[in-house]
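Q: Below is one structure. I have some questions about it.
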Amino acid sequence: MNITGLDSLVFGVDDVEACNQYLTDYGLIPNNVSAAGGTFTALDGTSVVIRHRDDPELPPALPTGASLRKTIHGVADQATLNAIAEELGKDRDVRRLADGSIEAEDDMGFTLGFQLSCRQPISIPAEKVNAPGDEPGRPVNVIGADESITIVPRTLSHVVYFVPDSKKAEQFYIERLGFRVADRFTNLGPFLRPQGTLDHHTLFLVDTPPEMQGVEHFTFHLGGPTELLLAGKRFQEKGYESFWGPGRHIYGSNWFWYFNSPMGVHVEFDADMDLHDDSWTAREIDASADASQIFNFTLVDKWMPGGDPH
Amino acid sequence: MNRPIRLCHLSDIEDGDARGFDPHQQGHDSLFVIRQHRQVIGYRNACPHKGYEGTSMAWRKDRFLNKAHSRVICAAHGAQFDINSGECLLGPCPGQSLDRLPLLVNEQGDVYLLPADSEK
Ligand code: FES
Ligand SMILES: [Fe+2]
């Protein structure tokens, strides 16, 4: 199944205005913003969609009241879309929507959409470094520390579900949709990668009691660690509440920084994730502080040693 | 800590809204206070969500309530709590409650955090 990654996440929220502002401050490009919601896109067109939780056009909420109402996966071509419709149609209702996409529930009750991917090819250099022994990453006279840069997230990266039965949830994504396990936290669940991308994971499943079913976080990829640190710093200075980080994960190697959000999920800044193909052998370990990050920092106020000694 | 600590004046909290405080200078708001007219309700800023115990609940400085100001919310995974009882009504920690903190409002409207054991 040539699923290329997440195209969009659709939320039904309590405070639309707060979510609109939050996602704009996070750095996404606001489109069609109103009291009814908005679409907040990354550079490649992938997005987060905000609607009021009572919007009649939204798929129903989970019994836990979780705010995520739909996860839209992009696919490479019509043949994949047809294959998914046929596969899922074997044992569940598959709805064909007016825009050509299809909709169905996964085995945990999350509403999924599948569409010809909206993800546009983008060509923007990554953050570059200079290191002795290698070719210069930045040309001569190009500076690396520019506080004034505009930072727009590049692409929607991954979403993390709390699921009541991670084994069953995993089976659905692997057997029905062809996802691969990239790595696994034995006590929590698998990091999953669909076949149409090399990204370490676009979906991570965390096993929880049923009353916790919902979303832990989602994130977009930024251009590199400096961008991530600067974006997170700006976000924190706007008053948003840091939850965890900045740091760097071990599985996936991505830099992370998590914040609370008015959608009632964590929102992460992410950069520099590992790529894998089918020759990769999944690792497995019990999740722990040591296993989940190589380091974890806390932002403190700017400071300088000594001051001016003259 | 066995003396009352002054947090603010009643008028420093908008009626119906909440505000976070860091009375022990921990670098983050360790508690929040909800004001309803002359009544104040204080809770530890610590979500009871299992596995996440102690998580700070606001999504932005002082944003502890839902839009209608009718419930306390946790901006980490969306738990909703009754303002008066602190009980989780919806979300990942049903049946669990926020930790209530004893407060006092004096004649002049100053809001104090009382020592923990003064509740009894
Ligand atoms: S930490 Fe509060 S809902 Fe999860
Ligand atoms: Fe993540």
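Q: Looking at B:ASP62, B:ASP17, which one is surrounded by fewer than 20 Cβ atoms within 10 Å (Cβ to Cβ), closer than 18 Å to A:SER242 by Cα and of a type in the set (D, E, K, R)?
A: Among B:ASP62, B:ASP17, only B:ASP62 is surrounded by fewer than 20 Cβ atoms within 10 Å (Cβ to Cβ), closer than 18 Å to A:SER242 by Cα and of a type in the set (D, E, K, R).
Q: Can you tell me how many residues within segment B:26-68 are more than 14 Å from chain A (Cβ to nearest Cβ) and not in a strand (DSSP E or B)?
A: Within segment B:26-68, residues that are more than 14 Å from chain A (Cβ to nearest Cβ) and not in a strand (DSSP E or B) number 2.
Q: May I pose another question? List the strands (runs of 3 or more DSSP E) that sit entirely inside segment A:51-139 and contain at least 2 residues that are under 30 Å from A:GLU227 (Cα atoms).
A: A:68-75
Q: May I ask you to list the residues in segment A:211-221 that are more than 13 Å from A:ASP165 (Cβ to Cβ) and away from ligand 2 (no atom under 16 Å from the Cβ)?
A: A:GLU211
Q: Further question on the same structure: Which numbered condition trips up A:LEU222, out of (1) among the aliphatic types (A, V, I, L, M); (2) under 22 Å from A:ALA42 (Cα atoms); (3) within 15 Å of ligand 1 (Cβ to nearest atom)?
A: It is condition (3) that A:LEU222 fails.
Q: Only one of these is of a type in the set (Ser, Thr, Tyr), closer than 28 Å to A:LEU23 by Cα and within 13 Å of ligand 2 (Cβ to nearest atom): A:THR208, A:THR202. Name it. Steps first, answer last, please.
A: Working: A:THR208 fails: within 13 Å of ligand 2 (Cβ to nearest atom).
Just one listed residue meets the conditions, A:THR202.
Q: Could you pull out the residue among A:PRO132, A:PRO153, A:PRO121, A:PRO139 that is under 20 Å from the mean Cα position of the chain (by Cα) and more than 30 Å from A:THR208 (Cβ to Cβ)? Before you say what the answer is, go through the steps one by one.
A: Values: A:PRO132 fails: under 20 Å from the mean Cα position of the chain (by Cα); A:PRO153 fails: more than 30 Å from A:THR208 (Cβ to Cβ); A:PRO139 fails: under 20 Å from the mean Cα position of the chain (by Cα).
From the options A:PRO132, A:PRO153, A:PRO121, A:PRO139, the qualifying one is A:PRO121.
Q: Note down all Cβ pairs under 9 Å where the first residue falls in segment A:255-276 and is farther than 16 Å from A:LEU230 by Cα and within 13 Å of ligand 1 (Cβ to nearest atom), the second is polar (S, T, N, Q) and assigned to a loop (DSSP other than H, G, I, E, B), and they're at least six residues apart or on different chains.
A: Taking only residues 6 or more apart or on different chains, the pairs are A:ASN260/B:SER56; A:MET263/A:SER67; A:GLY264/A:SER67; A:VAL265/A:SER67; A:HIS266/A:ASN260.
Q: Which condition does A:SER242 not pass, out of (1) within 16 Å of ligand 1 (Cβ to nearest atom); (2) buried (at least 19 other Cβ atoms within 10 Å of the Cβ), if it passes all the others?
A: Going through (1) within 16 Å of ligand 1 (Cβ to nearest atom); (2) buried (at least 19 other Cβ atoms within 10 Å of the Cβ) one by one, A:SER242 breaks only (2).
Q: Filter segment B:29-62 down to residues that are polar (S, T, N, Q) and closer than 19 Å to B:CYS93 by Cα and give me whichever is modelled with the highest pLDDT.
A: Of the residues in segment B:29-62, the ones polar (S, T, N, Q) are B:30, B:36, B:39, B:45, B:55-56.
Next, from what is left, pick out any that are closer than 19 Å to B:CYS93 by Cα: B:45, B:55-56.
On the way: B:ASN45: 98, B:THR55: 94, B:SER56: 95.
Looking at the filtered set, the residue picked out is B:ASN45.
Q: Further, regarding this structure: Can you go through B:GLY42, B:GLY51, B:GLY20 and tell me which one is out of contact with any helix residue (DSSP H, G or I) (no Cβ under 8 Å at 6 or more places or on another chain), on the phi > 0 side of the Ramachandran plot and of a type outside the set (A, V, I, L, M)?
A: Going through B:GLY42, B:GLY51, B:GLY20 in turn, just one is out of contact with any helix residue (DSSP H, G or I) (no Cβ under 8 Å at 6 or more places or on another chain), on the phi > 0 side of the Ramachandran plot and of a type outside the set (A, V, I, L, M): B:GLY51.
Q: A follow-up question, please. Working only within segment A:17-38, note down all residues that are crowded, with 20+ Cβ neighbours inside 10 Å and polar (S, T, N, Q).
A: Answer for segment A:17-38, where residues must be crowded, with 20+ Cβ neighbours inside 10 Å and polar (S, T, N, Q): just A:ASN20.
Q: Considering each of A:ASP7, A:ASP91, A:ASP107 in turn, give the residue that is in contact (Cβ under 8 Å) with a residue 60 or more places away in the chain, of a type in the set (D, E, K, R) and farther than 18 Å from A:SER157 by Cα.
A: Working: A:ASP7 fails: farther than 18 Å from A:SER157 by Cα; A:ASP91 fails: in contact (Cβ under 8 Å) with a residue 60 or more places away in the chain.
A:ASP107 is the lone residue from the list that is in contact (Cβ under 8 Å) with a residue 60 or more places away in the chain, of a type in the set (D, E, K, R) and farther than 18 Å from A:SER157 by Cα.
Q: Same structure again: Which residue is nearest to the other protein chains (Cβ to nearest Cβ), if the candidates are limited to segment B:94-110 and must be at pLDDT 95 or above and within 16 Å of ligand 1 (Cβ to nearest atom)?
A: Result: B:GLN96.
Q: Within segment B:101-118, is there a residue that is hydroxyl-bearing (Ser, Thr, Tyr) and more than 15 Å from the chain's Cα centre (by Cα)?
A: Yes, segment B:101-118 has at least one match.
Q: Give me the pairs: first residue in segment A:142-163 and among the hydroxyl-bearing types (Ser, Thr, Tyr), second residue away from ligand 2 (no atom under 16 Å from the Cβ), beta-carbon distance under 8 Å, and six or more apart or on different chains, which are they?
A: A:THR155/A:LEU43; A:THR155/A:ASP44; A:THR155/A:ARG119; A:THR155/A:ILE122; A:TYR161/A:MET108; A:TYR161/A:PHE110; A:TYR161/A:ALA169; A:TYR161/A:GLN213
Q: To continue, here is another question. Checking the condition buried (at least 24 other Cβ atoms within 10 Å of the Cβ) and charged (D, E, K, R), which residue from A:GLU284, A:GLU216, A:GLU268 passes?
A: A:GLU268
Q: Ok, one more. Got at least one residue in segment A:87-108 being crowded, with 19+ Cβ neighbours inside 10 Å and basic (Lys, Arg)?
A: Scanning segment A:87-108 turns up no residue that is crowded, with 19+ Cβ neighbours inside 10 Å and basic (Lys, Arg).
Q: Go through segment A:229-310 and tell me which strands (runs of 3 or more DSSP E), entirely inside it, have 3 or more residues that are under 28 Å from A:THR197 (Cα atoms) and within 14 Å of chain B (Cβ to nearest Cβ). Spell out the reasoning first.
A: Details: elements: A:242-248, A:255-259, A:266-271, A:283-285.
Correct list: A:266-271.
The values are calculated or read from the model by the stated rules, or taken from the named source; none is laboratory data. If you're wondering where the values come from, they're calculated on a predicted model, not measured in any experiment. Virtual Cβ from ideal backbone geometry, glycine too; neighbours counted across all protein chains shown.
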